[in-house]
């Protein structure tokens with residue numbers, strides 16, 4: 001078998017923790033470095049009368065799903081299918097063309113946010129994970145393609161033989177961090193890289209009625225953070241250390257330009273500096289900054305948003 005002949009399909013579940021059987025339409029996105037790692041507890045048992053062991057016994061069965069997608073989109077009023085599937089399973093719900101985190105128990109209802117079934121085909125072997133919820137880390141590098149690393153936790157469903165799907169893959173535009181915006185408090189940040197971490201806390205919901213010992217994953221908390229490395233500037237231009245010590249929050253805007261004025265943007269209205277480290281980039285002095293995405297005043301679930309703005 002060849003690892004290159006593999007495909008990852010993902011489908012939102014209608015019933016939490018119940019296998020959502022995929023079709024080719026659920027595998028049209030360009031997925032990279034897909035991997036499912038079973039995490040199965042093995043109970044080791046000592047025997048009496050000597051050093052030998054009794055057979056270990058398998059117990060609760062969960063699994064970790066990891067993969068990468070580029071920020072691909074055709075710039076239309078319809079969001080890309082990867083966003084429609086993976087953001088809701090990370091607790092981010094869409095309103096119009098904006099995804100925002102929701103203070104709700106992901107994986108407990110049949111409406112967003114909810115859980116995913118992953119079907120990973122490796123040649124003609126199928127590996128299953130159900131009830132999966134997760135986290136994402138979006139990486140923006142100046143002038144280069146932007147991507148997202150995804151990590152989901154769910155119930156391990158085992159392996160079976162199955163023919164690989166034959167989807168029609170999307171042909172979207174790849175967005176790069178160019179022709180965009182990078183500002184904090186309306187001051188331009190000349191950064192090489194920014195990383196947006198969804199910061200979810202995930203718990204596997206125990207259920208003794210299931211074969212895995214779990215019904216699904218659930219998101220129990222959230223604390224998004226952003227790390228960025230802007231060039232150091234004069235205090236008169238932007239007093240970052242002063243803002244750090246005074247606990248001041250400002251809007252952070254990270255926008256990517258695309259086709260015909262379309263854009264994909266990350267906005268944190270109350271970004272607060274949590275840490276600044278002195279660093280350099282090929283002898284160019286920079287501030288390595290970690291920011292927390294805080295509550296937006298009295299408004300819940302508005303600490304960070306992801307907006308797709310269609311072509312004009």
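Read the figures in this text as sums done on the coordinates, not as results from a lab. These numbers were taken from a predicted model, which means no experiment stands behind them. Cβ atoms come from the backbone with ideal geometry, glycine included; neighbour counts cover every protein chain shown.
Observations on the structure shown:
- Between the entries (i) 14; (ii) 8; (iii) 24, the label attached to percent of Cα pairs over 37 Å apart calculated for this structure is (iii).
- Taking the centroid of alpha carbons for each part, the stretch 14-50 and the stretch 188-262 are 27 Å apart.
- By average C-beta atoms within 10 angstrom, highest first, the peptides 140-153, 274-287: 140-153, 274-287
- Contact order normalised by residue count of the stretch 216-290, Cα under 8 Å, 6+ apart, percent: 35 percent
- Among 53, 190, 114, sorting on how many other beta-carbon atoms sit within 10 Å of each Cβ, with the fewest leading, yields 53, 190, 114.
- Globularity index of the stretch 1-153, i.e. its alpha-carbon radius of gyration over 2.2 N^0.38 Å: 1.25
- With all pairs of separate Cα atoms included, the stretch 47-122 yields a Kirkwood hydrodynamic radius of 16.1 Å.
- Take every Cα pair under 8 Å whose residues are at least 6 apart in sequence, average their separation, divide by the length of the stretch 1-65, and the relative contact order is 26 percent.
- For the chain, share of DSSP beta bridges that run antiparallel, in % to the nearest 5: 100 percent
- Computed FRET value (nearest 0.05) for residue 235 with residue 173, which takes r as the C-beta separation and R₀ as 35 Å: 0.30
- With the simple model of a label 7 Å out from the Cα in the direction of the Cβ, residue 188 to residue 284 spans 1.3 nm.
- Centre separation in Å (Cα based) which lies between the stretch 155-173 and the stretch 281-312: 33 Å
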